[in-house]
Amino acid sequence: MTHRFVSDKAARFTESVIREMTRQAMEHGAINLAQGFPDFEAPDEIVQAARRAIAEGVNQYAITWGAKSLRDAISRKAGRALGAAVDPETEITVCCGSTEAMIASLLAVLNAGDEVVVFEPYYENYGPDAILSGARPRFVKLRPPADPDGDWAFDERELRGAFGARTKAIILNTPNNPTGKVFTRDELGLVRDLCVEHDALAITDEIYEHILYDGREHVSIAALPGMRERTITINGMSKTYSVTGWRVGWAIAPPAVTDAIRKVHDFLTVGAPAPLQEAGAAALALPQEYYRRLAKGYVARRDRLLPVLRAAGFKAYVPRGAYYIMTDIDDFGFEDDVSFARHLVRDLGVAVVPGSSFYSDPADGSRQVRFAFCKRDATLDEAATRLRGLRPRTPGIPG
Ligand SMILES: Cc1ncc(COP(=O)(O)O)c(C=O)c1O
């Protein structure tokens, strides 16, 4: 029912299911494999840098589009990755997490009625983001592989069909949450061709860029020929430095687009936390060895949880990047993903995210749930013990 004091926009989306599952995990004393935040400490040198910044008096607003030290650090790191200079004065906006960088970017570039192409399943924020910015999402399916050791894929014709006269942008997320897909250079080349052909922007969320497995390579679409001037690259500290609560992210875009993003950002939040931006500058200066260790730690966690899920009866798709495992729950015989997730959190004490929260049509995710594995070994082992209580209902075996 509509309410006089609730806007049409706010009425069109629900609360975040992911964050709701965290609240349910707390209520039921469950292991939280729902929300993607680490339960281990952030690197000590970054924590110390934040402490120092506060002690040294960095406690007032930073420049609205970001402290110079952090923008310079982003410019150096992103410049290396893109193989081209990124101007910290005109091309970078620091925001309150990549979450704000995404919504500020969409509000800055979209008009009512514009269409935005989105691969689904998608990180659930993109749905409300599109509604808030007045755009119309056009979804393109990422399909799971028949063999769960294979890769998720999209159909080229479907992607081509989603681009049209009203297309203003495509939202990409690689490495991908929730599927763990890492888009290949060829796939991004096709996206590039379509963006050029339809004069569209690529808005790319790359917050898992350093969390890669099995020799996969992260490709930034902004590095492909002709894409610098039509890409907004979004990134942040949350996942790479295990500081999801700090709320520091950024958008890199051509100067005219950056001008628009900076205006929207300023009036949304004024700025990201000033001392944590100083710590961000220290974090981005960490040696390459830090990123190698990060990926190594995550591949070990993935390889710890994956066999547990398979032994428990899930069809578990191998992620090639990010820190989630998408699973198929068909063999458990539950009515849908939500009733299954409810059973897991209440009766077994393990919180997961129902697959439907990653799809525009909830029915598409009704046989899937997502596990996050950015957790300590002890947490994953305790989840494994609890999951032994699950009983697959394979044909002929009652229960
Ligand atoms: C794809 C993706 N983008 C953005 C975010 C949020 O990032 P931040 O903490 O920088 O706002 C998440 C968090 O899970 C995510 O999975």
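The values are calculated or read from the model by the stated rules, or taken from the named source; none is laboratory data. Since we're looking at a predicted model, the values are computed, not measured. Ideal geometry is used to build each Cβ from the backbone, glycine not excepted, and the neighbour counts take in all protein chains shown. Note: accessible area is taken over every heavy atom of the protein model, side chains too, but ligands, DNA and RNA are not part of it. Shrake-Rupley method; radii C 1.70, N 1.55, O 1.52, S 1.80 Å.
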Query raised in the report: Listed highest first by mean packing, meaning other Cβ atoms within 10 Å per residue, what order do 13-20, 332-339 come in?
Result: 332-339, 13-20
Query raised in the report: With the Cα gyration tensor of region 178-255 giving a ≥ b ≥ c as the square roots of its eigenvalues, does the rule (a/c under 1.5 for rounded; else a/b larger than b/c for prolate; else oblate) give rounded, prolate or oblate?
Result: oblate
Requested in this report: Compare the peptides 340-347, 364-371, 43-50 by average per-residue count of other Cβ atoms within 10 angstrom and give them in order, highest first.
Outcome: 364-371, 340-347, 43-50
Query raised in the report: Under a Cβ-Cβ cut-off of 10 Å, what is the net charge of the residues other than Glu115 that fall near it, where Lys and Arg count +1 and Asp and Glu count -1?
Result: +3
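Counting only protein heavy atoms and using a 1.4 Å probe, what share of the accessible area of the chain belongs to carbon plus sulfur, as a whole percent?
Carbon-and-sulfur percentage of accessible area, whole number: 52.
Of the trypsin sites (Lys or Arg not before Pro) in region 164-202, which ones lie in a loop per DSSP and count no more than 16 other C-beta atoms within 10 Å?
Listed in order of number, the matching sites are Arg166.
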Query raised in the report: Going by alpha carbons, how many degrees (0 to 90, nearest 10) lie between the helix axis of 185-197 and the longest principal axis of the chain?
Result: 50 degrees
Query raised in the report: Can you give the relative contact order of the chain as a percent, counting alpha carbon pairs under 8 Å and 6+ residues apart?
Result: 24 percent
Query raised in the report: Scattering from the C-alpha atoms of region 1-43 alone, worked out with Debye: what is log10 I(q)/I(0) at q = 0.24, 0.29, 0.34, 0.35 1/Å?
Result: -0.82, -0.98, -1.15, -1.18
Query - Anchor Lys68: lysines whose Cα lies under 27 Å away (excluding residues fewer than 8 positions away in-chain) - result: Lys77, Lys239, Lys263
Query raised in the report: When Rg is the radius of gyration of the Cα atoms in region 246-322 and Rh is its Kirkwood radius, what does Rg/Rh come to?
Result: 1.17
Query - Net charge, Thr22 excluded, C-beta distance under 12 Å - Lys, Arg +1, Asp, Glu -1 - result: -2
Query raised in the report: Which distance in Å, rounded to a whole number, links the C-alpha centroids of region 323-345 and region 103-182?
Result: 24 Å
Query raised in the report: With Cβ to Cβ distances under 10 Å as the rule, what net charge do the other residues near Tyr323 carry (K, R +1; D, E -1)?
Result: +4
Query - Tilt relative to the chain, helix 288-312 - C-alpha long axis, 0 to 90 degrees, to 10 - result: 20 degrees
Report summary line: Cα-based Rg and Dmax for the chain, in Å, come out at 20.9, 68
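Considering all alpha-carbon pairs of region 282-329, what whole percent are spaced by more than 17 angstrom? Don't skip to the answer; put the middle values down first.
Working: 493 of 1128 pairs.
Summing the P(r) tail past 17 Å for region 282-329 gives 44 percent.
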Query raised in the report: If you place +1 on the Cβ of every Lys and Arg and -1 on the Cβ of every Asp and Glu, how big does the dipole about the Cα centre of region 147-202 come out, in debye to the nearest 20?
Result: 360 debye
Query - Highest-MSF residue in the chain out of Thr327, Thr385, Thr93 [GNM, Cα springs under 10 Å] - result: Thr385
Query raised in the report: If eta is 1.002 mPa s and T is 20 °C, what Stokes-Einstein diffusion coefficient results for region 117-273, Kirkwood Rh from Cα pairs, in µm²/s?
Result: 130 µm²/s
Report summary line: Ranked output for segments 308-314, 149-155 by mean other Cβ atoms within 10 Å, highest leading, reads 308-314, 149-155
Report task. Could you work out how far helix 255-269 tilts from the main Cα principal axis of the chain, as a 0 to 90 degree angle to the nearest 10? Result -> 70 degrees
Report task. State the answer as a single residue: which of Tyr324, Val345, Trp246 lies farthest towards the positive end of the charge dipole of region 203-353, with beta carbon charges of +1 for Lys and Arg and -1 for Asp and Glu, about the Cα centre. Result -> Trp246
Query - Test item: Cα-centred dipole of region 111-214, Lys/Arg +1 and Asp/Glu -1 on Cβ, debye - result: 420 debye
Report summary line: region 1-152: Kirkwood hydrodynamic radius (Cα pairs, Å) comes out at 19.7 Å
Report summary line: In whole percent, the Cα-Cα distances of region 1-79 spread across 10 Å bins from 0 upward as 13, 21, 24, 31, 11, 0
Query raised in the report: Residues of region 131-203: accessible area per residue at 1.4 Å, in Å²?
Result: 42 Å²
Query raised in the report: If you place +1 on the Cβ of every Lys and Arg, -1 on the Cβ of every Asp and Glu, and leave all else neutral, what size is the dipole of the chain about its Cα centre, to the nearest 20 Debye?
Result: 460 debye
